[in-house]
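The values are calculated or read from the model by the stated rules, or taken from the named source; none is laboratory data. All values reported here derive from a predicted model rather than from experimental measurement. Here the Cβ is made from the backbone with ideal geometry for all residues, glycine too, and neighbour counts use every protein chain on show. In case anyone asks, the SASA skips ligands and DNA or RNA and just uses the protein heavy atoms, side chains included. Shrake-Rupley method; radii C 1.70, N 1.55, O 1.52, S 1.80 Å.
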Amino acid sequence: MVPGPWFWNSSVTSFIIRRELSPSVTSGWEGERRGVASQPTKVSFHSNKNRWITVLDMTERFKIDGKVPILKMGDYTLQLELDDLGEECERIAREELRETPEVVADALRKLKELIGDEKDLNVSLEDYFLIRYLRPCKFYPHSALERIKKFYKFRLKNPHLTDGLSPINEKKVFEQDLITVLPKRTQNFHRIITIEIGIPLEVILSVVQSHQSLVKTDEPPLSSPNPTHPLEPRLFPVTEKWKLRACSLDDIFKASMIVLEGAVLEPRTQICGAEVIFDMEGLSMKQVMQFSPSFAFNLVHFSQECMPLRLKHIHNVNQPYIFNLVFAIFKPFLSEKLRNRIHFHGSDWNSLHSYIDPECLPTKYGGLMDIPENTGPKLHELLCLFNEVYDGRYQWRHVDHCQGKPGLRRQR
């Protein structure tokens, strides 16, 4: 049987690091009881320290053969964790989000009342669902309600992006290894997600190197900027990482939503947020032409208005000059707050490291993590273990509060 609800349980999913060997998707180890709530998550607090925690009605449905699924990435492991937040994350929640027992209880009560007054809004009133919207809004109920409404309005207006959204349907994006979830968080507990579009530099250099071997020239051959990864000769044509015939820009958007939606269910990510690295190495004009104002508006609107995620920083690396054309399309839709969180590093890794510690980055970004390339297919395998939960995102019903699918009812 496919393991039970992961996508809908915001209080139980977060990733930890463990040292392992080969890259593969497998099951974890036996240990303390871990699982996903079979019933809606109940909220309570430490009676002695007055700190916010979540109490889970644990089951074994989340495990496979009694073990938690993991993704091995070289010597590192991306694994689901059901442990408490820890004192540091609780401190961040308290100081940055106003998250105290009294504030949380009052915000939940008021948000449920506000939702009850919305005749066209049909969503769960369970605490675990509402908290994921309250946290990025710093527990202001009216702001959380507006974000919920915008999320479901986005769903109604963009069925080409949201209908049938599931890992199985977006396999080709992961097969091209365009999206990666790094196994380590930043020094500030931010989740790190990388999105690669373009032609890898080593492919370009190897093509030039092959060309120089075929044409007599006195010029010295080009070499890889990373001597620890020697180049193997390749022949024309150049193989793009993002193959336009295999997947569209909308496909990449949908795969990104799958990863971001999964990450935002992690309590640590809800509290601490995420950082995205866009790697534009080798971006071609043909790829640039795929970006349109409507696409830019949808992406920016979803990221800054709809998604219940604290987007801390967006890092653009290896961007060529023609990337200015792309950014010019996005710029009119960016809020001042988000615009101030977008950074352009090029290949200056010291600039990137001023935001993210090298210990949290792979070697190709000047970091210390030696993780293998092409982990996308394995990430896809991991996500597909929970495909019925993603699939149920649009068929899910809550018998106590909802009649029919969650979201906004269509006006006739």
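Extension gain for Asn387-Tyr321 works out to 19.8 nm (0.36 nm per residue, less the C-alpha to C-alpha distance). Computed with a 1.4 Å probe on the full set of protein chains, the accessible area for Ser284 sits at about 30 Å². With a simple spin-label model that places each label point 7 Å from the Cα along the Cα-to-Cβ direction, the separation between Ser347 and Lys312 comes to 2.8 nm. Look at where the Cα atoms of the range 109-141 and of the range 279-296 average out, and the two centres are 37 Å apart. Between Lys243 and Phe297, the modelled label-to-label distance comes to 3.3 nm, taking each label 7 Å out from Cα in the direction of the beta carbon.
For the residues Trp242, Trp349, a 1.4 Å probe over the protein chains yields an accessible-area ranking, largest first, of Trp349, Trp242.
The accessible area of Val300, taken with all protein chains in place and a 1.4 Å probe, comes to roughly 10 Å². Rolling a 1.4 Å probe over the protein heavy atoms leaves Lys138 with an accessible area of roughly 90 Å². Multiplying the residue separation of Asn188 and Asp357 by 0.36 nm and subtracting their alpha-carbon distance yields 59.9 nm. Rolling a 1.4 angstrom probe over the protein heavy atoms with all chains in place gives the range 239-280 an accessible area of 23 Å² per residue. Pairs with C-alpha atoms separated by more than 24 Å, drawn from the list Lys67/Lys172; Lys286/Lys331; Lys184/Lys286; Lys67/Lys364; Lys184/Lys364, are Lys67/Lys172; Lys184/Lys286; Lys67/Lys364. Taking the average, over residues, of other Cβ atoms within 10 Å as the packing measure, peptides 354-360, 192-198 rank 192-198, 354-360 from highest down.
Highest mean packing comes first when the peptides 245-255, 174-184 are listed by Cβ atoms within 10 Å, giving 174-184, 245-255. Straightening the chain between Asp370 and Arg98 buys 94.1 nm, computed as 0.36 nm per residue apart minus the Cα-Cα spacing.
In this calculation the C-beta distance from Lys153 to Glu88 is compared with R0 = 45 Å, giving a FRET efficiency of 0.80.
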